[in-house]
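Input: a single structure, listed below in structure tokens.
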Amino acid sequence: MWWIWGFAVLLIKLAVVLGALITLAAYMVLVERKLLGRFQIRYGPNRVGPFGLLQPLADGIKMILKEDFVPRAADRLIFVTAPAVVAAVPLVIAAVIPFSSDLVVGGTRIPMVISDLNIGLLFILALASLSVYGVALGGWASNSKYSVLGAIRGSAQLISYELSLGLSLVPVVMLAGSFSLVDIVNAQARYPFLLVQPVAFVIFLISSMAESYRIPFDLPESENELIGGFHTEYSGMRFGLFFVGEYVSMIVLGALVAVFFLGGWRGPILPPVLWFIIKMMLVPFFSIWTRASLPRLRYDQLMRLGWKFLLPVALANIVVTGAFMLLAGG
């Protein structure tokens with residue numbers, strides 16, 4: 001009977017995490033439009049429901065009712081499945097993110113994570129690299145020059161920044177002594193890793209924003225050059241899936257920053273899950289603020305930043321961290 005109880009708890013955690021992510025992603029669109037309106041001294045959406053709170057519902061209905069157009073010369077099978085890959089990857093990554101301390105019910109400890117893998121960090125890096133397939137295949141299958149150029153840009157950008165992103169997490173693993181995200185949070189019981197690894201934090205944040213194609217790193221879309229880039233030929237809900245993936249990625253990125261550098265759910269007075277949500281939402285807010293403040297980089301500037309600056313600095317940070325750990329251990 002214990003396996004039935006465990007399976008039921010797993011299904012409940014899956015439903016809660018999936019529902020929370022989809023809901024947050026929908027309302028992140030509204031939050032972004034509201035904040036951009038304030039940054040630009042204008043009103044955001046305020047017509048649908050009180051204070052515009054039903055705008056995400058209206059947008060979802062609009063996407064569902066729009067015509068699902070597939071270009072005649074497109075590779076139909078790949079064309080229709082590519083958006084699902086982009087949307088699914090961040091949802092699967094969320095399965096290994098701990099969002100609170102263990103919950104005790106009737107003397108039984110229930111971990112507040114869907115799956116605490118002992119290789120959780122490697123699992124995240126492996127899945128993050130899969131998102132490029134949705135971008136590359138979606139652009140290629142569209143059979144459009146603009147889409148192909150956007151897909152090529154997106155693939156090159158992700159490969160370039162994947163290196164610095166992975167290397168920025170090596171010092172975190174060195175300090176925690178584990179690839180498990182729960183162990184990484186527990187290793188920050190005395191202080192968050194942000195205090196001792198500010199360089200790794202900055203590299204991880206920049207690399208993650210570049211991998212999620214947010215301004216100023218949105219070269220694969222770049223509407224003034226490529227119309228819409230890799231998703232130019234998409235419409236309806238398939239177009240919407242690309243943006244669901246983008247906003248879920250923002251939220252998951254915020255959760256990863258909270259886990260790796262901000263101490264996860266740890267904090268005084270407030271409930272642990274509330275602390276986690278507060279820390280998690282700092283990154284989407286920063287991303288929106290960046291979008292309102294910075295211009296898009298040129299493509300040569302984007303590549304130069306990744307290969308000639310972030311990558312060498314990440315490698316140097318690993319060496320310096322190892323040297324300090326040896327000295328401290330000696």
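Computed from the coordinates by the stated procedures, all read-outs in this text should not be read as laboratory data. In this text, all values refer to a predicted model and were calculated from it rather than measured experimentally. No Cβ is skipped: glycine too gets one built from the backbone with ideal geometry, and neighbour counts run over all protein chains shown.
Say R0 is 41 Å: what FRET efficiency, to the nearest 0.05, do LEU122 and VAL16 get from their beta-carbon distance? E(calc), rounded to 0.05, equals 0.95. Computed from point charges on the beta carbon alone (+1 for Lys and Arg, -1 for Asp and Glu), the dipole magnitude for the chain about its Cα centre is near 600 Debye. Once the Cα atoms are used to define both axes, helix 76-93 deviates from the longest principal axis of the chain by about 30 degrees. Between the residues PHE276, LEU302, LEU326, the greatest Cα displacement towards the positive end of the dipole of region 70-329, with unit charges on the Cβ of Lys, Arg, Asp and Glu, is found for LEU302. Remark: the ARG38-ALA73 segment gains 8.3 nm on full extension, using 0.36 nm per residue and subtracting the alpha carbon distance.
Any idea what % of Cα-Cα pairs in region 127-199 are farther than 19 Å? The share of Cα pairs beyond 19 Å in region 127-199 comes to 52 percent. Hydrodynamic analysis of region 92-244 uses the Kirkwood radius over alpha carbon pairs. Inserted into Stokes-Einstein at 37 °C and 0.692 mPa s, it gives a translational diffusion coefficient of 189 µm²/s.
Count charges around ILE159 for me, please; just the other residues with Cβ under 12 Å from its Cβ, Lys/Arg as +1, Asp/Glu as -1. Net of charged neighbours comes to -1. Taking only the alpha carbons of region 59-164, we obtain Rg and Dmax values of 18.7, 61 Å in that order. Based on Cα atoms of region 237-330, Rg over Rh with Rh as the Kirkwood radius reads 1.09. Per residue, the convex hull spanned by the Cα atoms of region 70-329 amounts to 136 cubic angstrom.
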